[in-house]
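Novice: Could you have a look at this structure, given as structure tokens, before my questions?
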Amino acid sequence: MRIDKYLWCIRLYKTRSLATEACRKGHIKLNGDNVKASKIVFVGEKLIVKKNQINYEIQVIATPESRVGAKLVDLYRIDLTPKEEFEKLDLLKYSKDYYRKKGVGRPTKKDRRDLDDLSEERDENED
């Protein structure tokens, strides 16, 4: 089975074209080497899939006939991803500054809308 079809069948990617694009960009490695979307996957091979800043490590157990339900995915793959990868993602979420510090730079659209809402509330209260 082609690697892009396999990744789509085990629900790592929502569409085959997204899986193909990931192969083209070099996000998919088979036994440590970048692969094309047309590469054939065999039982026992290891895949490393870089998705959402996590390097998923997957071992192929079997190849499904077509796309499988979410509950049946574990029949076709073993997830060998270390827990540190998921912890790294949590740290990235906490480290991001979603809002700028007060008094720095121009207001964002969200800031402007919040100010407009406040001024509308004041106008209603004065009447």
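Novice: Tell me which residues, restricted to segment 92-116, are surrounded by 11 or more Cβ atoms within 10 Å (Cβ to Cβ) and either at pLDDT 80 or above or assigned to a helix (DSSP H, G or I) (or both).
Specialist: Pass one, segment 92-116, residues surrounded by 11 or more Cβ atoms within 10 Å (Cβ to Cβ): 92, 100, 107-108, 111-115.
Residues satisfying the conditions are LEU92, THR108, ASP111, ARG112, ARG113, ASP114, LEU115.
Novice: Identify all residues within segment 15-33 that are touching a helix residue (DSSP H, G or I) at 6+ places or on another chain (Cβ under 6 Å) and not hydrophobic (A, V, I, L, M, F, W, C); write none if there are none.
Specialist: ARG16, THR20
Novice: Restricting to segment 39-60, give me the number of residues that are surrounded by 13 or more Cβ atoms within 10 Å (Cβ to Cβ) and either among the basic types (Lys, Arg) or assigned to a loop (DSSP other than H, G, I, E, B) (or both).
Specialist: Residues in segment 39-60 being surrounded by 13 or more Cβ atoms within 10 Å (Cβ to Cβ) and either among the basic types (Lys, Arg) or assigned to a loop (DSSP other than H, G, I, E, B) (or both): 6 in total.
Novice: Any idea which of (1) closer than 21 Å to GLU21 by Cα; (2) at pLDDT 90 or above; (3) in contact with a helix residue (DSSP H, G or I) (Cβ under 9 Å, 6 or more places away or on another chain); (4) of a type in the set (Val, Ile, Thr) is the one ILE61 doesn't satisfy?
Specialist: Result: ILE61 fails condition (1) only.
Novice: Right, another one. Restricting to segment 15-38, and then to whatever is within 20 Å of ILE78 (Cα to Cα) and exposed (fewer than 12 other Cβ atoms within 10 Å of the Cβ), can you tell me which residue is modelled with the highest pLDDT?
Specialist: ASP33
Novice: Right, another one. Would you mind stating whether LYS36 is charged (D, E, K, R), touching a helix residue (DSSP H, G or I) at 6+ places or on another chain (Cβ under 8 Å) and either in a loop (DSSP other than H, G, I, E, B) or free of Cβ contacts under 8 Å to residues at least 12 places away in the same chain (or both)?
Specialist: Judged against the criteria, LYS36 is a match.
Novice: Which number in (1) surrounded by 15 or more Cβ atoms within 10 Å (Cβ to Cβ); (2) part of a helix (DSSP H, G or I) marks the one condition that LYS71 misses?
Specialist: Every listed condition holds for LYS71 apart from (1).
Novice: Another question, then. Does segment 9-65 hold any residues that are of a type in the set (D, E, K, R) and farther than 21 Å from LYS88 by Cβ, and which are they?
Specialist: Within segment 9-65, ARG11, LYS14, ARG16, GLU21, ARG24, ASP33, LYS36, LYS39, GLU45, GLU65 meet the criteria.
Novice: What are the residues in segment 12-24 that are in a loop (DSSP other than H, G, I, E, B) and under 12 Å from the mean Cα position of the chain (by Cα), if any?
Specialist: Residues satisfying the conditions are LEU12, TYR13, LYS14.
The values are calculated or read from the model by the stated rules, or taken from the named source; none is laboratory data. Note that the structure is a prediction, hence the values are computed from the model and not measured. Because the Cβ atoms are built from the backbone with ideal geometry, glycine has one as well, and the counts that use them run over all protein chains shown.
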